[in-house]
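So the structure is just underneath, and the comments pick up after that.
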Amino acid sequence: QVQLVESGGGLVQAGGSLRLSCAASGSIFSINTMGWYRQAPGKQRELVATITSGGVTNYADSVKGRFTISRDNAKNTWYLQMNSLKPEDTAVYYCNADLRLVGGPYQYRYWGQGTQVTVSS
């Protein structure tokens with residue numbers, strides 16, 4: 001039906017950069033909001049950043065000025081550029097999307113499988 005596939009996670013030293021990608025495929029009519037969340041061990045999943053179809057972005061305070069979310073509507077793909085990474089950014093990062101399926105009037109939220117980001121000190 002619909003699949004979200006993340007890529008780009010890995011191990012990086014503090015101060016380094018990583019770029020995550022999320023590609024959506026399937027019977028997609030339109031994607032409204034695309035986003036990134038993260039979950040560190042023993043903590044709840046938290047919002048990192050979102051971007052609407054119109055390009056309006058929203059960031060968690062902890063990542064403002066360091067992370068940038070962007071999207072390529074033609075490819076149903078969105079990205080999270082992460083700079084100046086800190087050890088506290090270590091988490092599993094999940095992408096999500098609020099989208100409409102072909103032939104359906106309703107919007108649903110889909111999630112990717114998650115990708116590990118580890119920042120060493």
Considering residues that are loosely packed, with under 15 Cβ neighbours inside 10 Å and either within 15 Å of the chain's Cα centre (by Cα) or assigned to a strand (DSSP E or B) (or both), the number found within the stretch 82-110 is 3
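Kindly indicate the residue of the stretch 27-51 that is out of contact with any Leu (no Cβ under 8 Å at 6 or more places or on another chain) and assigned to a strand (DSSP E or B) and also farthest from SER62 (Cα to Cα) among those meeting that condition.
As a first pass, look at the stretch 27-51 and keep what is out of contact with any Leu (no Cβ under 8 Å at 6 or more places or on another chain): 33-34, 38-47, 50-51.
The next check asks that each one be assigned to a strand (DSSP E or B); those that pass are 33-34, 38-39, 46-47, 50-51.
Values: THR33: 21, MET34: 19, ARG38: 12, GLN39: 14, GLU46: 11, LEU47: 10, THR50: 14, ILE51: 17 Å.
Taking the candidates together, the pick is THR33.
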Quick check: anything in the stretch 52-61 part of a strand (DSSP E or B), closer than 17 Å to LEU4 by Cβ and not small (Gly, Ala, Ser)? no
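Select, from SER30, SER84, the only residue that is within 24 Å of THR118 (Cα to Cα), in contact (Cβ under 8 Å) with a residue 60 or more places away in the chain and hydroxyl-bearing (Ser, Thr, Tyr).
Details: SER30 fails: within 24 Å of THR118 (Cα to Cα).
That would be SER84, the only listed residue that is within 24 Å of THR118 (Cα to Cα), in contact (Cβ under 8 Å) with a residue 60 or more places away in the chain and hydroxyl-bearing (Ser, Thr, Tyr).
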Filter the stretch 62-107 down to residues that are among the aromatic types (Phe, Trp, Tyr) and at pLDDT 95 or above and give me whichever is farthest from LEU4 (Cα to Cα). PHE67
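The values are calculated or read from the model by the stated rules, or taken from the named source; none is laboratory data. Note that the structure is predicted; figures quoted are calculated from it, not measured. Positions of Cβ are backbone-derived with ideal geometry, glycine not excepted, and every protein chain shown enters the neighbour counts.
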